[in-house]
Each structure stands twice: as C-alpha cells, then as structure tokens.
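To start, the structure itself, in structure tokens.
Please treat every number below as a calculation from the coordinates, not as lab data. All values derive from a computational prediction rather than experimental measurement. Using ideal geometry, Cβ is built from the backbone for each residue, glycine included, and neighbour counts are taken over all protein chains shown.
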Amino acid sequence: MATEQTSYTVLARKWRPQRFADVVGQEHVTVTLQNALAQQRVGQGYLFIGTRGVGKTTVARILAKALNCVSSSAPVTEPCDRCEMCVAIREGTCLDVMEIDGASNRGIEEIRRLRDAVAIAPVSARYKIYIIDEVHMLTKEAFNALLKTLEEPPPHVKFFMATTEAHRVPATILSRVQKFELRRMQWNTLLTYLQRIADTEKVAIESGALATIARAGNGSVRDALSVFDQVLALAEDRVTEEQVTALLGWTDREIYAELHGALVAQSVEGALGCVQRVIERGRDAEQFVLGLLQFLRNVLIARTVSGAEEVIEEPPEFVKVIKAAAQDYTPEQLLYAIDVLLELLPRMASTEAKQTSLELAVLKLMYARRRVGIDEIFARLEALEGGGGGGGAQLSGTAGLRTAEPRPVYQAAVKPAVPDVAEALAAPVKRVAAGTSDAAGAAAGVSPAAPGVVAAPEGTQSLEEVWRALLVQTEASDPKLNAMLSHVTATFPDAHTLVLTAAADDALTHNALKRKTSVAKLTQQVSALAGRAVTVEITQAAAEVKAKRVRSKEELIEEARQTPIVKAALELFGGEITDVIED
C-alpha cells in the first residue's frame, strides 16, 4: 500500500508576495509602479537594483501580473491573483512571461534568439514580458545586441531586469530603462514580518530568537526566512534564543555584556575567561570578533546619537544594557577599540594562533579605557595653568578616567594677567660683574639676568631691559615666538644693536628667526619698546671642532704590532714593521 507524501514548501517560497500590498519595506517602488499603471504610463523597460533577497524578481513578477490580469479589460493597479493569467504567471506556466537567467544565458547567441522572438505576438497574454535576472552577467556583445530592441521594442513587449551590481550594467542600457533601487530591509520591519509569519504558522518562538534571526538576515528577507526554516527543523516545541545562537555559531549576548564588565573593572582574569569560554563552546573566533564589533558599534551609537533605540538592532531589554555601557566610555575610547578589532580581523584570517590574537586584542581593549583624548589633556593643562587644584594627580596613572558619571566639561581657565610691559621696563636691573656666577650674584643681593641673557657691558642696561620686556610681551601675544626666544642667547654690542645667537646644534630655531618676516617683526617690537631704532641680528654659535692629535711613528708601529692579524704575520714570516701610513 503506497503512502501519500506531501511536499514541503520552504517559507521563502510560501510567503513570497503575490500582490503589491504584500511587498514589505519597498513602498517607494510599489507605489510608483501602481501610479504608473493607473495613469497607463508603464515604460518599455525597468531595472530593479538591490542586494539579494529584497524582492527584485518578486516585484517584476507582480508587475507582469498587473499588466496581464484578465479581471479587467486593461492593466490593473493590483493583480487579483485568482484569474487564469495570474495563476499561470505565479506557477511559471505562462508562455508569454519568460524568466531568463543572465548568468547562464549571457552570450550574444541567446540574445539574438530573444531578439528574433520579440517580433512574435503574445500567445494568450496582453503583453509579452521578459524578466532577465542578474542582467549584469551578460557579455558586452550581448548588451550591444540588446540595445536597439530595448530602446524601441514592439508595443506588446516589456523588459524587466534585475541586478545586484548596477555598476556593471553599461550606461547605454541604463539610459534606456527606468531604474528602481530596492532598499535593504530595516531590522524592525523584518522583525515585525517574521513575527507575523510565526503567528500565522503557529510557531512558539522567543522574541530574542526572532531578533537574532532578523539580524542574521542582514536586510535580506529570503536569508532570514532560510534561517527560520532551519530553526523550525531544529526545535521541537518552542524555539529559544540559545538554539538560534548555537545554530548560527554566534556568541550569546550575555558574553559581550560580561566582557564589558571585565573591561570596566580592569579584570584581566575575567576578560580572558570570557574568551576561553567562547573557544571552549566551539564558537568561531572571527564570528565572535564580528559580534564584539557590533556590540561596540551599538555602544558608540548609544553614546553619541539621540534616539539610539531606532538604530540599534537589538531587543529592548538588551538596548538598556548597551545604553548603560555607553556611560563607561568616551567616543574616542570607543573609536580606538573599534579600530583594534578592525585591525584584528585580517590578521585572524591569516594566522593559526587565533585565540592568542584574540586575547591580545582584548587586553588592548582594556587599555582603551585608560586613553584620554587630546582635547581633555589640553583642558586639564589649561586648568592646571589657571590654578585648578587637584588636576595634577589626574594626569598620571588611571586617576581621573571616566567612570559611570557623565563626562565633565572643562572650561579653559583664564590665564593670569600678563605683567605690564611698562612695569617690566621700570624694574631695576642690577648689573652683574663679568665672571660673576648667578649664585654669587644672588649671594651679593644682585638680581640675575633673565634666562638666556648674557650680562652686557656697562652702559647698555637699557637694551637689557628692553630684552626682558620683549620676553614678557611675547609670552602673552606670541607664545610661538616666545618659545624660540627662550632658546637663544641675547647680547648687546651697543645701544642700537641686539644680537640673538642660537646654539650650534639648534638650526631649527636659527632658521626660523633668520627669516625676513621674523627679523622685521623683532626689529619693530624691539624698536618700539626701546623708543629708538634698534637693529636685530640673528647668528648661530660655531660648532666646537676638536683638534686631531698627531701620533708619532713609534706609537703607530706599536699599535700595529698589537693587531692580531699583524702579530700573526710577524710570527709566521719573522718580519719587522718599518713604517705605518695612517689614513
């Protein structure tokens, strides 16, 4: 007795949309096509562009049914999906609607046969329709053979083409068709669609499991439904998130949250323990890194974007975990951590030591929390400069790093008022006798000269006062120039000349001050402070040259005699050194 077998239809085919209203997430395409049908403005050629599994061929079939539906005497905006023509197109038995695979019919001969068949009137339908899938696979010659037919086809012929790589379609083809770009399915939309299918199919499944399936689809409805089919075969009564995660070879969300806790606590043992558990459970190390990248990406969004719930593709309860984690990092720290993982991925693909590479990267992520942004460093330095107490301790070790508190906003401290130049000029300057050290001068009650200033001969004290005033003035008005002036030595040959000498090994400062603009600027400032014309000269100290000692002939012979190779030669041949020529 023969047993009756019923064939199983996979979800991707069973739930394939048959009407424009059934298409999910592509309203910008379906509404435009329905308007064109209502206004009888359907073009001779359409190109549907998009990633895999978003409905390119499906929309082309629905449009073919709308043009040929016999429920009305003219094309309809929504096919009935019940008439003889709609059923024939749905089941693929309509002789006037032909689907061509561009990958296997890519040559010029196939396109020539198509071009010859175009002239033949439809057998039973209103329009003869050619649906060319993966049209970018056609050869250049095949595209050229299609050009004229595509531009001016017979009135009863329509061309619908689909591609995942529009950049490979020649511009001559693109200019002859109307283009529609189908979007990658939004995660929330795909999750709602999967929930509707689960309810209709009476499948008991956890919300977290559906969320994981939707994320595995990566914007493709067909990919998500294929995973859903696998999960239904795996589970017996109720589908759990753990089952879906194991099927995909992914890591549980809780591991990422636990790893985050270890990083915040600076626990090396806890962080490496998370990695060890992932490896022991047989999870793919590269897939774990991709999941960690997704987690950090979500944390970065939660840290920087308002309304992050709309962007993060996770269940609401895990979004709360992500938002809490976002308070433990600065955006700079998160960007560094993401860079570490992006650099790790190509290395893991080419090494056998995947676990070691992953463990080292996790330790780098722990270091990421110690990183302080350059803007924060400058803010703290300005706070120190302004007398902000307690700031010094924050610049060393891990003190002052982010914890759960919001990041403080530092305001640049106001610099202390610059001493009045007139006061600097009026300050008494006591001459230091030649050969008197600073220490001796201080003991005698004599104020030492400004740093970098050589005591001038008697009678030139006024230019020395001008030099000190110049240092005070540039400290506030031109810190860059002040830094260069602090690296030179000033001398005053006479009351109208200021000589600035850079060190012999400081060519950078010498060249910078030697520029015409720098000399002109200094001359103007010094003359203004002195109240008379002063010439500024820029020089560089001469490098110290050590005289080479001339050694005597006897010294050279003795040194040569002690050389091992010469010593061996003398012993072997019994010779004697008579002269040595030094290079």
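How big is D for the stretch 38-92, in µm² s⁻¹ as a whole number, if Stokes-Einstein is applied with the Kirkwood radius of its Cα pairs at 37 °C and 0.692 mPa s? Mind showing how you got there, number by number?
Working: Rh = 12.0 Å.
Once the numbers are plugged in, D ends up at 273 µm²/s.
For all pairs of alpha-carbon atoms in the stretch 73-167, what percent lies in each bin of width 5 Å, listed from the first bin to the last filled one?
With 5 Å bins starting at 0, P(r) equals 3, 12, 21, 24, 18, 12, 7, 2, 0.
Amide H neighbours of residue 537 under 5 Å, at least 5 residues apart or on other chains, H built in the peptide plane: list them.
Residues meeting the criterion, in which the H sits 1.01 Å from N, are 498, 499, 500.
For the stretch 249-368, with the dipole built from +1 on Lys and Arg beta-carbon atoms and -1 on Asp and Glu ones, taken about the Cα centre, which of 295, 266, 306 lies farthest toward the positive end?
Going by the Cα projections, it comes out as 266.
Taking the mean number of other Cβ atoms within 10 Å as a proxy for protection, how do you rank 207-216, 305-314 from highest to lowest? All intermediate terms of the calculation are to be shown ahead of the outcome.
Details: 207-216: 22.5, 305-314: 14.1.
In descending order of packing, they fall as 207-216, 305-314.
Considering only 58, 25, 71, whose Cα is most displaced toward the positive end of the charge dipole of the stretch 1-127, charges sitting on Cβ of Lys, Arg (+1) and Asp, Glu (-1)?
25
Could you run the Karplus curve 6.51 cos²θ - 1.76 cosθ + 1.60 with θ = phi - 60° over the stretch 567-578 and give me ³J(HN,Hα) per residue in whole Hz, x for Gly and Pro?
With the stated coefficients, the stretch 567-578 comes to 4, 5, 5, 5, 5, 6, 9, x, x, 9, 7, 9 Hz.
If amide hydrogens are placed 1.01 Å from N in the peptide plane, which non-local residues have theirs closer than 5 Å to the one on residue 494?
none
Going Cα to Cα from residue 148, which lysines come in below 30 Å? Please leave out same-chain ones fewer than 8 positions away.
Partners found: 56, 65, 128, 140, 158, 179.
Pop a pseudo-label 7 angstrom from the Cα along the beta-carbon direction at both residue 268 and residue 10 and give the gap in nm to one decimal.
The two pseudo-label positions are separated by 4.9 nm.
Roughly how many Å is it from the Cα centre of the stretch 302-363 to that of the stretch 252-296, as a whole number?
10
For residue 281 and residue 71, FRET efficiency with R0 = 60 Å and r from the beta-carbon atoms, rounded to 0.05?
Numbers: r = 56 Å, r/R0 = 0.94.
Approximately 0.60, to the nearest 0.05.
Mind checking the dipole of the stretch 11-181: about its Cα centre, +1 per Lys or Arg Cβ, -1 per Asp or Glu Cβ, Debye to the nearest 20?
On the way: 23 positive and 19 negative charges, 18 e Å.
Using Cβ point charges on Lys, Arg, Asp and Glu, the stretch 11-181 gives about 80 debye.
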